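Since the structure comes first, as structure tokens, the remarks are kept for the end.
Taken together, the values in this text are just the output of simple stated rules run on the coordinates, not laboratory data. From a predicted model like this one, the values you see are computed outputs, not experimental measurements. Note that we place each Cβ from the backbone using ideal geometry, even for glycine, and neighbour counts take in every protein chain shown.
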Amino acid sequence: MSLRIAPSILAADFAALGACIAAAERGGADLIHVDVMDGHFVPNLTVGPPLVASIRRVTNVPLDVHLMIEDPDRFIPAFAEAGAALISVHVEVLPHLNRTIALIKELGLKAGVALTPSTPVGSLEEVAADVDFVLVMTVNPGFGGQTYIRRSTSKVRAVRELLDGAGNPAPIEVDGGIDKRTIGEVVSAGAEWIVAGSSVFHSPDPEAAVRALRAAGEVAADRRLQARSGRRDA
Ligand code: DX5
Ligand code: ZN
């Protein structure tokens with residue numbers, strides 16, 4: 001498994017966004033997570049394609065755009081044009097999920113499917129072979145700084161089983177309430193991409209915070225790897 005740390009700019013100081021991203025990058029951020037909210041699907045408003053285009057100019061780290069919006073199909077081409085490398089969409093707003101996944105891939109991007117905490121894992125069943133990654137929301141989407149929902153741990157495990165059953169090694173991304181204390185639990189359950197907002201950008205030293213998160217996550221990742229290879233050898 002390959003651990004990737006994805007700092008979420010939602011918790012950054014928007015007046016100093018370039019400096020915040022540079023600090024995360026120095027700390028070894030693998031992705032920059034951009035939370036797009038429309039005030040309809042979630043009760044909050046954030047940013048659109050122009051901000052993604054601006055960020056694209058100041059970092060080489062791939063941009064991971066999380067669309068918490070109704071009718072994402074309308075905006076996917078604009079986010080692709082702005083420089084997103086990965087886009088995730090919520091199953092809760094998409095009656096024709098296959099079409100949306102195909103659209104993201106046709107634009108040359110990685111396609112992710114996101115589930116809110118109350119959405120069952122089974123809603124992924126028919127697309128499990130097609131997704132490039134699955135985003136398991138570990139808080140209710142809309143705001144940073146919330147507490148990790150414990151039930152998410154078994155959900156991550158169930159999503160991993162579903163993907164493995166479909167023969168798809170696509171990674172699981174977790175988002176919400178992840179810090180040095182909770183990262184071990186999600187990584188042990190099978191999460192590989194870790195979104196972290198407050199625990200990175202509300203820290204006095206975001207660069208060190210990214211490093212500390214990775215170090216904490218790697219301990220759990222190594223243990224999981226050993227446990228899995230032990231099972232294969234047995
Ligand atoms: C919440 C967003 C998250 C948010 C996570 O709806 O999708 O990406 O930034 O923030 P923290 O890490 O503070 O819970
Ligand atoms: Zn997010």
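For segment 163-234, the Cα-based Rg and Dmax, in that order, read 13.8, 46 Å. The label-point distance for residue 102 and residue 40, in a model that sets each label 7 Å from Cα toward Cβ, rounds to 2.4 nm. Per-residue 3J(HN,Hα) values for segment 96-103, derived from phi via the Karplus relation 6.51 cos²θ - 1.76 cosθ + 1.60 with θ = phi - 60°, read 10, 4, 4, 5, 5, 4, 4, 4 Hz in sequence order (x marks Gly and Pro). A simple rule links phi to the HN-Hα coupling: the Karplus curve 6.51 cos²θ - 1.76 cosθ + 1.60 with θ = phi - 60°, which for segment 208-221 gives 5, 5, 5, 4, 5, 5, 4, 4, 5, x, 5, 4, 5, 5 Hz, with x for Gly and Pro. With the simple model of a label 7 Å out from the Cα in the direction of the Cβ, residue 154 to residue 232 spans 2.9 nm. Binning the C-alpha pair distances of segment 92-211 at 5 Å intervals from 0 yields a P(r) profile of 2, 11, 21, 21, 19, 13, 8, 3, 0 %, listed from the shortest bin outward.
One compactness figure for segment 1-149 is 1.00, namely its Cα radius of gyration divided by 2.2 N^0.38 Å.
Of the residues 62, 116, 104, the one whose Cα sits farthest towards the positive end of the charge dipole of segment 51-127 is 62 (charges of +1 on Lys and Arg Cβ, -1 on Asp and Glu Cβ, taken about the Cα centre).
With just the Cα atoms defining each centre, how far is segment 147-171 from segment 9-85? Give it in Å. About 25 Å separates the Cα centre of segment 147-171 from the one of segment 9-85.
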